[in-house]
Amino acid sequence: MTASGNVQTCTTVPIDLGDRRYDILIGSALLDAASTWQSLPPAGAAAIVTNTTVAPLYAERLQAALRPRYQRQLVITLPDGESHKDWASLNQIFDRLLAEACDRKTVLFALGGGVVGDMTGFAAACYMRGVPFVQVPTTLLAQVDSSVGGKTAINHPRGKNMIGAFYQPLRVVCDLDVLDTLPARELSAGLAEVIKYGPIADPDFLDWIEHNLDALLARDKAALAHAVRRSCEIKAWVVAQDERESGLRAILNFGHTFGHAIEAGLGYGEWLHGEAVGCGMVMASALSVELGLMPPSFAERMRRIVQRAGLPVVGPALGVARYLELMSVDKKAEDGDIRYVLIEALGRAAMMPAPAAVVSRVIEAHTA
Ligand code: NAD
Ligand code: GLY
């Protein structure tokens, strides 16, 4: 499969969730186009939630684009960073909405990466028991994963994304042009979530990623358009079948059990989420091999792809016991038993427990 299609043309990927169905729009120049926002519900106010990095880049443009539709457009600018994905930032959103007398028709717009998207979604789920919101993801990671599917949350010091809600947006708008300003390290972090979709759902996509990794790293628009579209299609397919993660949706967490332990163990913000997921996928691939589910060549292939994407393949030396302790508070754990998303065949993943001795061996072999 090769990257194709005119990126000026907007591609639409629907998420089929019955009366909560919505579209993901993917293309160039979407942010400024009035047509992007035209059919959103009318309201007295649009509240753009963003952060100190993204606001100077894109907030005014979004305000201008929303002006014909919404009489009032306020901008709520939060501090930047995973370490601010907390109650204080959430309260900042509520304080401002209340101070500005925003009613329950107010539409929230999450303009930023996954941190802003997750917090805005949670704020939308809670404010006046629920107001509509739109995701305007500005990182690759947010475009291919976090803005889609309605998981919203803040972190707790004891665990990542532990306080949250399922709450679907009205629309997701992925303007590929905003990725031009993304730092290279963040682009690589986003690639981790793109790579994830190959082993869990689509071997052809993994081949495509392998062949187009250089183009993706060079921000070739056609390659990015294909990567975002295919990732969103796979995520939409999974979420439509299992919105609330009673089973299948857990496969989207390939690499995340190890990854969340890395993030929490180092303190949020030390490694980027995508970096932790990249390294976590290398560990989960090795565990799939150790358990006899996959041939050794698979783990080596995953290690190579993750490394080529500019992501770490060796985890921090937290100690095996600390990894196991941190993984036991993962949301997939049941009665303290850690469950891992493992690859059973290329394109097929499943969640299962693994003997602690085998997991310990994998951690030892993949940490500095
Ligand atoms: P992020 O939101 O912290 O953004 C990364 C950095 O890039 C930030 O400094 C941000 O200000 C900056 N930035 C954003 N857009 C930019 C742009 N266009 N130009 C320049 N700088 C820009 O991180 P992220 O990787 O986008 O998201 C990670 C978060 O997403 C984590 O909190 C993770 O838990 C969450 N997540 C949620 C889901 C979900 O399903 N809800 C899925 C995956 C990840
Ligand atoms: N990123 C995992 C999920 O959306 O379920």
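Structure above, values below:
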quantity: Check on Arg61, in contact with an Asp or Glu (Cβ under 9 Å, 6 or more places away or on another chain), among the basic types (Lys, Arg) and open to solvent by 10 Å² or more (accessible area, probe 1.4 Å); calculated: yes
quantity: Filtered residue count, region 125-165, keeping only those that are in a strand (DSSP E or B) and within 30 Å of Arg322 (Cβ to Cβ); calculated: 13
quantity: Among residues of region 153-163, those that are modelled with pLDDT of 95 or more and either open to solvent by 10 Å² or more (accessible area, probe 1.4 Å) or over 14 Å from the mean Cα position of the chain (by Cα) (or both), counted; calculated: 1
quantity: Residue identified as among the acidic types (Asp, Glu) and under 13 Å from the mean Cα position of the chain (by Cα) among Glu290, Glu275; calculated: Glu275
quantity: Which numbered condition Gly114 misses (of (1) within 16 Å of ligand 2 (Cβ to nearest atom); (2) out of contact with any Leu (no Cβ under 6 Å at 6 or more places or on another chain)); calculated: (2)
quantity: Flag for Arg229 being of a type in the set (Lys, Arg), away from ligand 2 (no atom under 12 Å from the Cβ), modelled with pLDDT of 95 or more and more than 27 Å from Ala55 (Cβ to Cβ); calculated: yes
quantity: Sole residue being among the aromatic types (Phe, Trp, Tyr), at negative phi, modelled with pLDDT of 95 or more and more than 16 Å from ligand 2 (Cβ to nearest atom), chosen from Tyr127, Tyr167; calculated: Tyr127
quantity: Residue ranges of helices (runs of 4 or more DSSP H) in region 267-368 with at least 1 members charged (D, E, K, R) and in contact with a Lys or Arg (Cβ under 8 Å, 6 or more places away or on another chain); calculated: 273-290
quantity: Residue list for region 24-40, restricted to those being in contact with a Pro (Cβ under 9 Å, 6 or more places away or on another chain), in a loop (DSSP other than H, G, I, E, B) and modelled with pLDDT of 95 or more; calculated: Leu40
quantity: Contacts under 6 angstrom Cβ, first residue in region 123-151 being buried (at least 24 other Cβ atoms within 10 Å of the Cβ), partner aromatic (Phe, Trp, Tyr), 6 or more apart; calculated: Ala124/Phe133; Val134/Phe109; Val136/Phe109
quantity: Matching entry among Thr53, Thr77, Thr120, Thr106 (being surrounded by 13 or more Cβ atoms within 10 Å (Cβ to Cβ), in contact with a helix residue (DSSP H, G or I) (Cβ under 6 Å, 6 or more places away or on another chain), modelled with pLDDT of 95 or more and not charged (D, E, K, R)); calculated: Thr77
quantity: Residue count, region 253-266 (criterion: small (Gly, Ala, Ser), more than 12 Å from ligand 1 (Cβ to nearest atom) and either open to solvent by 10 Å² or more (accessible area, probe 1.4 Å) or in a loop (DSSP other than H, G, I, E, B) (or both)); calculated: 1
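The values are calculated or read from the model by the stated rules, or taken from the named source; none is laboratory data. Please read all numbers here as calculations on a predicted model, not as lab measurements. Positions of Cβ are backbone-derived with ideal geometry, glycine not excepted, and every protein chain shown enters the neighbour counts. These area figures cover heavy atoms from the full protein model, side chains too; ligands, DNA and RNA do not enter into them. Shrake-Rupley method; radii C 1.70, N 1.55, O 1.52, S 1.80 Å.
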